[in-house]
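Worksheet: one structure, shown below.
The values are calculated or read from the model by the stated rules, or taken from the named source; none is laboratory data. Predicted model only: the values in this text are computed from it and were never measured. With ideal geometry, Cβ positions are generated from the backbone for all residues, glycine too; neighbour counts draw on all protein chains shown.
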Amino acid sequence: MVALTYGAAVGATLPLLFILGHLLVQGATSINVDFFTRLGPNPGEAGGGMGNAIVGTLVIVAIAGAIGLPIGIGSGLYLAERRDSRLANLVRFLADVLNGLPSIIIGIFAWQVLVRPVGHFSALAGGIALGAMMIPLVSRTTEEMILLVPVALREAALALGYTRWRTSLAIVLRTALPGIVTGALVAIARIAGETAPLLFTAFGNQFWSFTLDQPIAALPLQIYVYAISPYDDWHRLAWAGALVLIGVVFAISLAARAATRSRLGSSGD
Amino acid sequence: MRTRDLDAYFGATHAVRGVSLDLVDGDVTAVIGPSGCGKSTLLRCLNRMHETVPNARVEGEVHLDGRDIYARGVNPIAVRRRIGMVFQRPTPFPTMSVRDNVAAGLKVAEDGMPGRAAVNDIVEAALQRAALWDEVKDRLTSSATALSGGQQQRLCIARAIATRPAVLLLDEPTASLDPLSTQKVEELVYELRREITVVIVTHNMQQAARVSDTTAFMLMGELIEAAPTRALFTSPRDQRTEAYITGRFG
């Protein structure tokens, strides 16, 4: 029995190790300065890169963060402060439902309300779709982190003559901040690799684009386009793009762990 | 400060029953009684903290400088700014330095935050009065959570008195401290007499006898008797007080 669980534990790490190893072998050789700064090559040409897709992903994630972080943190604060109110229970339930929605459904919905009325795909629609996905992730981690703050701290601030909202922001939210930052980073890492919601919203773009109301490239979309193409050079770029994407997600995860550690380190005693 | 016919409830639970208690200005008043007798709840009614708990409710009057703090139109926030409170367990704000913890109440002062130099002076004075200055003067900018439990509690007292409140409420302030730290806090309470009106809730009768001028004994939500401390411990008027202080229950 013990041997079986050991085996299962090893098995749990194997997929990641295989994927990482394969990506390193296939993609590492194509990663160079050009990869980060140039557009994709014409079919049949060598060289080129995914600079526009990297910028596109940054733009879309920035829009998603601008929507998902304030709404997610704000609603998480509300859920923690009004824990047992009927509205809080409803919001919490709906956030869990939203969290469980397949991401392609969020994409279709964003297409219906943000793309079809204006008649074209846009970076903004992609960012909003991913922002909607971020909200429940950030909201629930924010709520959990705030509930970890001892009631005694809140009372100490109230007893000093702090108003309720000032207590929430300056003491409770501030104390929970490292955990909230961790949750935000995990949410960003999670949505940065999303592909399905972007298919009908950001759509992808072979060229540089910095305008929010135009289609924009994104790493996952570009990987998909290159991977299903018949050209070997494009395949190599797709592998390299996958390696960069996984590297970015990995880096964000490490940052999240560092943020968590600094919180544990500073709690004293 | 005095209370008149004060009742406090948690939902249907009647935790404080018709308490009328006079607190002499500049005196230390100890409130003693067995666990669950309502002494902490009474204390929390004095700075309108009781009502911050869901379903909690207060009836009756509490007068501070002749005005009822429960009168219509009185802002509980303003009341709490005039009355300091220290809790059973130390509650330093973990994200703030030692200095910023002591200055935390000044940030919400009625007439605005004083200038930086003035804040530094106030912080030093408060830490001196809390007998903590010599121990922390070289680490004012480090995190308050690095202090020992006893130091943290004295820091909380410094934080509470930095705003020069009229009254200081102490809710079993030494319950989580070792004997040496307890002694320091008790000395501190004794030092603060005359400058500030102190109410200390304690389940430790020796502590009440050591630090207070007046002692009030509570049982099942009621104030049984309040008397000069020496008189209460040597010649209690009520049988129940006598039974409690001689250790027959509680």
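Only residues that are surrounded by 11 or more Cβ atoms within 10 Å (Cβ to Cβ), under 29 Å from residue A:210 (Cα atoms) and free of Cβ contacts under 8 Å to residues at least 60 places away in the same chain: list them for the range A:25-35, please.
A:32, A:34
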The range B:178-220, residues that are surrounded by fewer than 23 Cβ atoms within 10 Å (Cβ to Cβ) and in a loop (DSSP other than H, G, I, E, B): B:178, B:193, B:194, B:195, B:196, B:203, B:204, B:213, B:220
Just a yes or no: is a residue in the range A:177-195 without any contact (Cβ under 8 Å) to a residue 40 or more places away in the chain and either out of contact with any Pro (no Cβ under 9 Å at 6 or more places or on another chain) or within 30 Å of residue B:112 (Cβ to Cβ) (or both)? yes
Pick from the range B:1-58, criterion charged (D, E, K, R) and either within 14 Å of chain A (Cβ to nearest Cβ) or without any contact (Cβ under 8 Å) to a residue 24 or more places away in the chain (or both), ranking: surrounded by the fewest Cβ atoms within 10 Å (Cβ to Cβ): B:51
Please name all residue pairs, on different chains or six or more residues apart, with Cβ atoms under 9 Å, provided the first residue is in the range A:226-240 and is farther than 10 Å from residue A:50 by Cβ and outside any loop (DSSP other than H, G, I, E, B) and the second residue is of a type in the set (Ser, Thr, Tyr) and modelled with pLDDT of 90 or more. A:233/A:226; A:234/A:226; A:235/A:226; A:235/A:229; A:236/A:226; A:239/A:226
Condition check: closer than 27 Å to residue A:212 by Cβ and either of a type in the set (D, E, K, R) or in contact (Cβ under 8 Å) with a residue 60 or more places away in the chain (or both). Does residue A:60 satisfy that? yes
Could you grab me the full set of residues in the range B:79-95 that are within 12 Å of residue B:162 (Cα to Cα) and of a type in the set (Val, Ile, Thr)? B:83
Check every one of the strands (runs of 3 or more DSSP E) wholly within the range B:1-80 and list those with 3 or more residues that are farther than 19 Å from residue B:212 by Cβ. B:2-10, B:13-22, B:56-64
Close pairs from the range A:7-24: first among the β-branched types (Val, Ile, Thr), partner assigned to a helix (DSSP H, G or I), Cβ under 8 Å, at least 6 apart: A:19/A:246
Qualifying residues in the range A:69-89 (those that are loosely packed, with under 14 Cβ neighbours inside 10 Å and away from chain B (no Cβ under 13 Å)) - the one farthest from residue A:136 (Cα to Cα): A:86
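Take the range A:130-173 and flag every residue that is of a type in the set (Val, Ile, Thr) and within 14 Å of chain B (Cβ to nearest Cβ).
Passing the criteria: A:146, A:149, A:151, A:163, A:167, A:171, A:172.
A quick yes/no check of all residues on (1) modelled with pLDDT under 95; (2) in contact with a helix residue (DSSP H, G or I) (Cβ under 7 Å, 6 or more places away or on another chain); (3) not charged (D, E, K, R):
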residue: B:131; (1), (2), (3): yes, yes, yes
residue: B:136; (1), (2), (3): no, yes, yes
residue: B:146; (1), (2), (3): yes, no, yes
residue: B:150; (1), (2), (3): yes, yes, yes
residue: B:157; (1), (2), (3): no, yes, yes
From the set of residues in the range A:90-104 that are assigned to a helix (DSSP H, G or I) and touching a residue at least 60 places away in the same chain (Cβ under 8 Å), which is surrounded by the most Cβ atoms within 10 Å (Cβ to Cβ)? A:103
Considering residues that are more than 14 Å from chain A (Cβ to nearest Cβ) and closer than 20 Å to residue B:161 by Cβ, the number found within the range B:129-145 is 10
In the range A:252-266, is there at least one residue being within 14 Å of chain B (Cβ to nearest Cβ), without any contact (Cβ under 8 Å) to a residue 40 or more places away in the chain, over 16 Å from the mean Cα position of the chain (by Cα) and buried (at least 21 other Cβ atoms within 10 Å of the Cβ)? no
Log entry, pairs with first residue in the range B:233-250 being assigned to a loop (DSSP other than H, G, I, E, B), second being of a type in the set (A, V, I, L, M, F, W, C), beta carbons closer than 8 Å, six or more apart or on different chains, reads B:236/B:217; B:236/B:227; B:236/B:245; B:237/B:227; B:238/B:217; B:238/B:224; B:249/B:243
